[in-house]
Amino acid sequence: MGQVVEAVKLTAQERACVKATLKPAVEYGALRKESVDRLLELIDMDATGRVRKKWTVKEAADFLSVNERTVENYTRRGWLHPTRVGVKSLRYNPDEVENFAAGKTEVSHD
């Protein structure tokens with residue numbers, strides 16, 4: 001029988017450590033960057049096996065009840081840490097945005 005595995009939520013430091021550890025394998029060609037991204041995505045799955053979708057600037061702004069420009073300012077100040085998708089698009093971790101909104105100082109930047 002298969003074992004039930006509890007969901008794991010990595011901190012920003014742990015995610016950075018995983019990426020740094022696997023980076024030489026990607027550079028050498030033993031791993032594809034997409035494989036590393038998928039591995040991190042699988043780690044972030046909730047107990048039901050769903051990956052929580054990252055938010056656009058607009059979705060983050062709507063949640064925070066602020067203008068999109070304000071979210072961009074938060075990002076410039078280092079208060080939020082989006083992932084770049086493509087050349088111009090950014091995606092925000094919903095957990096980080098929610099923690100930021102709650103006033104928590106320790107936020108995850110995945």
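Only the coordinates and a few stated rules stand behind these numbers; no lab work does. Just so you know, these numbers come straight off a predicted model, no measurement behind them. All Cβ positions, even for glycine, are placed from backbone atoms using ideal geometry, and neighbour counts span all protein chains on display.
Using the Stokes-Einstein relation with a Kirkwood hydrodynamic radius computed over Cα pairs, the translational diffusion coefficient of the stretch 57-101 at 20 °C and a viscosity of 1.002 mPa s comes to 206 µm²/s.
A cut-off under 15 angstrom between Cβ atoms defines the neighbours of SER89, and their net charge, with Lys, Arg +1 and Asp, Glu -1, is +3. Rounded to the nearest 20 debye, the dipole size of the stretch 57-101 about its Cα centre is 320 debye, using +1 on the Cβ of Lys and Arg and -1 on the Cβ of Asp and Glu. Less than 5 angstrom separates the built amide H of LEU90 from those of VAL57, VAL85, all sequence-distant by 5 or more or on a different chain. For every other residue with a beta carbon closer than 15 angstrom to the beta carbon of VAL71, add +1 if it is Lys or Arg and -1 if Asp or Glu, then tell me the sum. Computed value for this residue: +2.
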